[in-house]
Amino acid sequence: MSKLERIDLFDLKSGSIFALFLFFILTLSLSYEYYQFSNLKTFDDPLIRASVIDQEVRLIAEKPKTSIKFRLENGANVRCIMSPYLRDLRGRDVLLELQVGKVTFLDYLKGFRSRGLIYEVYPSLSLKEQWYRRIASAHDDQSMKELYGALFVATPMSQEFQTLVGAMGLSAALSISGYHFGILSLIAYFFLRPSYRWLQNRYFPYRHGNRDLFWVVIGLLFLYLWILEFNPAMVRSFGMIAVGYWLYDRGIKIVSLQTLLIAIGIILAFFPKLFFSLSFWFSSFGVLSIFIFIRYYEHWKPWQIFLALNIWCYLVLLPISLAIFGTFSWWHIGSIPINLVFNIYYPSVLALHLTPWADWYDPYLVKMFKLGEIQSVYIPMAVGIGSIFLAFGAMRWKGAFWLLGGLGISTLGSAIYQIA
C-alpha cells in the first residue's frame, strides 16, 4: 500500500488571499501599538508602571553605571542608565518616569533608550523571578546561577558571561529556545500518555489520543511561555509547534519553506515587535536549517539524522553568527559533541533541580567555563547574508545545499586559521 502524499496548504491564488489576511491583521496590530504609543507620548515625561527585566552594572565612559531594561505596562521595552548603587530590582514592578519627547514610533517598536527615574518600587516579585531565585539558591557559583536562570526561566546572562558562552559555541544550547520546548514537550507527553490511555480506554475510546494530548501539552507550554513573559525565541517556537501540528493533522506538508513562512507571517502579524528581535530571526533560521537537511535526508535512520543534523545546523548557522558577533575559540568546535550530550544533560539536570542535588554538575561546568577563552575573528557580513540566501535556495536546489555546507566549512576553516 503506497503512502499518502502530503500536500502544500496554498497555491498562488489562495496564498495571495492569505497574505492579504495577514496584512490586515498586521494593520490592526500596528494600529493598536500606535494607540499605545500615542498614550505614552501624551506627556513628555510620563509616569508609567514597568517591570524590571534585566539589571547589570557596566562600565560606561569608564564609570560604573547600572543598566536596567524595563518592560512597560504597554509592552514596550526601554533601557535606562542609573546609579551603580541601585539595589537589585529584577522581577519587581516600579513606577517609572521616562523622557519620551524624542522617541519615535519606530523606536517604540524596536525598544528604545531613555533617561528614567524610579519613583516607587512595588514589593511583589514576578513568578518568573521567584522561580529564578529558587533555582539560584541551589548554586553557589554566580556563573551557575546565570546559566540555570537562562536555561530554565530565560533570565538574561551578564554581558561578560554571555560573550564567553557565545565564544564557546554554547549559546543555542544554554539559552532557552525551541529546542528546549521540544524536549519539554516530549517529557510532558511521556508522563501524560499512560494516564490518558487508561482514561481513554475506559471512558472515551472513540477519541483521537495523540490529538487530545497535543492540546494538553500545548496548554502547558503556553502557561510556561506566559511565566517566561513571552520570550521572543519561545514565542516563535510555540507558534511553530501550534501551526505545525495543525497543518500536520490535516495532511499538509510540514517540511517546506511555505510552512515556515506561514508560521513566521502569523507570528509577526500578531506580534510586530518581534520583527526587531535578533533571537527571533536566529531561531527561525535554525528551523530553516533543520528543514533543509530533512528535505534531502529524511530517508536516513533516526540515529543518523540525529548525529548529522547537529553538525549540519552548526555549519549553517556559523557564518551569520560569526559575522554578527565575531567571537570564537577552540571550544567552539567542541560544541558539536557538547550539544549532542545536551540531549541527556537537560532532562537530567531538570530532574536534579527537583531534588537537593541540583548542583551536582556544577564543579565540572565551572572548570569547563574557566578553561573557556574569548578570541575575536572577522567574517564579512556579506558571507553571513550569503548563507541566508543559499539557505532559501537549498530548499529547492540541492546544488545550493552543497554550497551552503561548503560555506559553513570554509567559515569554520577561516575562524580556526585566525585564532591559530
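The values are calculated or read from the model by the stated rules, or taken from the named source; none is laboratory data. Quick caveat: nothing in here was measured; it's all calculated off a predicted structure. All Cβ positions, even for glycine, are placed from backbone atoms using ideal geometry, and neighbour counts span all protein chains on display.
Yes/no matrix, rows are residues, columns are (1) of a type in the set (S, T, Y); (2) farther than 30 Å from L260 by Cβ:
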position	(1), (2)
S29	yes, no
L47	no, yes
L59	no, yes
K63	no, yes
C80	no, yes
S83	yes, yes
L86	no, yes
G91	no, yes
K102	no, yes
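How many residues does the stretch 361-398 hold that are in contact (Cβ under 8 Å) with a residue 60 or more places away in the chain and assigned to a helix (DSSP H, G or I)?
Within the stretch 361-398, residues that are in contact (Cβ under 8 Å) with a residue 60 or more places away in the chain and assigned to a helix (DSSP H, G or I) number 14.
For L184, all conditions in the list (1) modelled with pLDDT of 80 or more; (2) in the same structural domain as W357 (by TED's automatic domain parsing); (3) buried (at least 20 other Cβ atoms within 10 Å of the Cβ); (4) over 15 Å from K370 (Cα atoms) hold save one; what is the number of the exception?
(3)
A quick yes/no check of all residues on (1) touching a helix residue (DSSP H, G or I) at 6+ places or on another chain (Cβ under 7 Å); (2) under 30 Å from L125 (Cβ atoms); (3) surrounded by 16 or more Cβ atoms within 10 Å (Cβ to Cβ); (4) of a type in the set (G, A, S):
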{"residue": "K13", "(1), (2), (3), (4)": "no, no, no, no"}
{"residue": "P64", "(1), (2), (3), (4)": "no, yes, no, no"}
{"residue": "S67", "(1), (2), (3), (4)": "no, yes, yes, yes"}
{"residue": "F70", "(1), (2), (3), (4)": "no, yes, yes, no"}
{"residue": "L86", "(1), (2), (3), (4)": "no, yes, no, no"}
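In the stretch 223-278, what residues are closer than 18 Å to Y189 by Cα and of a type outside the set (V, I, T)?
L223, Y224, L225, S237, F238, M240, A242, G244, Y245, W246, Y248, D249
Residues I385, I409: which one is surrounded by fewer than 15 Cβ atoms within 10 Å (Cβ to Cβ) and under 30 Å from E160 (Cβ atoms)?
After ruling out the rest, the residue left standing is I385.
Within the stretch 142-160, how many residues are surrounded by fewer than 20 Cβ atoms within 10 Å (Cβ to Cβ), of a type in the set (G, A, S) and either in contact with a Ser or Thr (Cβ under 6 Å, 6 or more places away or on another chain) or closer than 17 Å to K69 by Cα (or both)?
Adding up the residues that qualify gives 1.
If you take the residues in the stretch 340-380 that are under 21 Å from L315 (Cα atoms) and among the β-branched types (V, I, T), which one is surrounded by the fewest Cβ atoms within 10 Å (Cβ to Cβ)?
V341
Restricting to the stretch 295-323, name every residue that is surrounded by fewer than 16 Cβ atoms within 10 Å (Cβ to Cβ) and farther than 19 Å from G169 by Cβ.
Across the stretch 295-323, the qualifying residues are Y296, Y297, E298, H299, W300, K301, P302, W303, Q304.
Counting only residues that are over 25 Å from S279 (Cα atoms) and out of contact with any strand residue (DSSP E or B) (no Cβ under 8 Å at 6 or more places or on another chain), give me the helices (runs of 4 or more DSSP H) lying completely in the stretch 75-156 with at least 1 of them.
Answer list for the stretch 75-156: 127-136.
Taking the conditions exactly as written (farther than 26 Å from Q130 by Cβ, in contact (Cβ under 8 Å) with a residue 60 or more places away in the chain and either acidic (D, E) or surrounded by fewer than 17 Cβ atoms within 10 Å (Cβ to Cβ) (or both)), does K41 satisfy them or not?
yes
Looking at S376, S348, which is the one that is out of contact with any helix residue (DSSP H, G or I) (no Cβ under 7 Å at 6 or more places or on another chain), in the same structural domain as S283 (by TED's automatic domain parsing) and farther than 29 Å from A138 by Cβ?
S376
Return yes or no: is I60 in contact with a strand residue (DSSP E or B) (Cβ under 9 Å, 6 or more places away or on another chain) and free of Cβ contacts under 8 Å to residues at least 60 places away in the same chain? Break it down into steps so the answer makes sense when it comes.
Numbers: in contact with a strand residue (DSSP E or B) (Cβ under 9 Å, 6 or more places away or on another chain): yes; free of Cβ contacts under 8 Å to residues at least 60 places away in the same chain: yes.
Against the criterion (in contact with a strand residue (DSSP E or B) (Cβ under 9 Å, 6 or more places away or on another chain) and free of Cβ contacts under 8 Å to residues at least 60 places away in the same chain), I60 qualifies.
Test each condition in (1) assigned to a helix (DSSP H, G or I); (2) under 30 Å from F152 (Cβ atoms); (3) hydroxyl-bearing (S, T, Y); (4) at pLDDT 85 or above for Y417 and report the one that comes out false.
Every listed condition holds for Y417 apart from (2).
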